[in-house]
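Working notes, beginning with the structure itself.
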Amino acid sequence: MLLALSERRLIRGFDVRVFALAPRDCDLAFSKVDVSLSIIEKLDPLVFEDLKKRFEFIFVRRSGVSGYYQALRTCLLNAQYVMEAPHIFIALTLIHEYTHARLSDRGFAFHYDNDAEYARFEKICIRAELRFVRRVITDDDVAAPLISFLKAHLAEAEEPDYIRKKKLCMSEAVRGAMLEAGLPAWYVRMRKGDPPGPRQG
């Protein structure tokens, strides 16, 4: 439903949708996705081409966390993150969600209620980001801070309460997305204890 109501542009072979943003912000979101995709296309053409096969849509919306929605083969991106983050970080987010998509296509999935399994998949995807940086970014001044950031993120994912904190953020984000979609506030409050639905990470 939201995909159908979104602004749509074909960018570098990807069907990119942007929902519920002002025209200027919408243009910025499309531009940021374009440049971020161009980074992957330039640095790793093989991954870029495979990315096209994995993502039916790239969907930027105001509420909700970034993630991969397997049922619609859709990469979800948070609009504020897209508009504020450096292009290379958006590119790495695409690599992260691409890794989830590859795992899903190969029959590997995790159960949302299994925190240990969830954490294991997140660490696989963070390591994929690290491999991407180490493999394709030859400028040490660019690569070094990214590697440091991703190593810190990987260490954070090793913490026992990492998934609990992540789920809290996701639940708040999903409730925001439900309100944005027009669901009544009483219904969203009633669903407050529910898990956030499709796999996101």
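The values are calculated or read from the model by the stated rules, or taken from the named source; none is laboratory data. On a predicted model such as this, the values are computed, not experimentally measured, just so you know. Note that each Cβ is placed from the backbone with ideal geometry, even for glycine, and that neighbours are counted across all protein chains shown.
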inquiry  = Can you confirm whether Arg102 is more than 15 Å from the chain's Cα centre (by Cα) and either in a helix (DSSP H, G or I) or of a type in the set (A, V, I, L, M, F, W, C) (or both)?
reply    = no
Test: residue in region 136-159 that is touching a residue at least 60 places away in the same chain (Cβ under 8 Å), within 27 Å of Glu49 (Cα to Cα), surrounded by 12 or more Cβ atoms within 10 Å (Cβ to Cβ) and not polar (S, T, N, Q) = yes
ask   = Just to be sure, is Arg120 within 18 Å of Phe14 (Cβ to Cβ), of a type outside the set (Ser, Thr, Tyr) and either modelled with pLDDT under 95 or touching a Lys or Arg at 6+ places or on another chain (Cβ under 8 Å) (or both)?
value = no
message = So the check is Cβ under 9 Å with 6+ separation or different chains; which pairs have a first residue in region 21-37 that's closer than 11 Å to Ala85 by Cβ and a second one that's aromatic (Phe, Trp, Tyr) and at pLDDT below 95?
response = Ser36/Phe89
message = Looking for something under 28 Å from Val18 (Cα atoms), charged (D, E, K, R) and at pLDDT below 85 - is there at least one such residue anywhere in region 142-159?
response = no
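Residues checked against (1) touching a Gly at 6+ places or on another chain (Cβ under 8 Å); (2) surrounded by 12 or more Cβ atoms within 10 Å (Cβ to Cβ); (3) at pLDDT 80 or above:
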position	(1), (2), (3)
Thr99	no, yes, yes
Phe110	no, yes, no
Asp113	no, no, no
Lys167	no, yes, no
request  = Confirm whether Ala71 is part of a helix (DSSP H, G or I), under 18 Å from Ser6 (Cβ atoms) and either touching a residue at least 24 places away in the same chain (Cβ under 8 Å) or touching a Ser or Thr at 6+ places or on another chain (Cβ under 8 Å) (or both).
outcome  = yes
inquiry  = I want to confirm something. Restricting to region 10-20 and keeping residues that are touching a residue at least 24 places away in the same chain (Cβ under 8 Å) and outside any loop (DSSP other than H, G, I, E, B), which single residue is farthest from Glu56 (Cα to Cα)?
reply    = Phe19
ask   = Among the numbered criteria (1) of a type outside the set (S, T, N, Q); (2) surrounded by 18 or more Cβ atoms within 10 Å (Cβ to Cβ); (3) assigned to a helix (DSSP H, G or I), which single criterion is violated by Glu41?
value = (2)
request  = Filter region 17-55 down to the residues that are aromatic (Phe, Trp, Tyr) and modelled with pLDDT of 95 or more, then identify the one that is nearest to Ser6 (Cα to Cα).
outcome  = Phe30
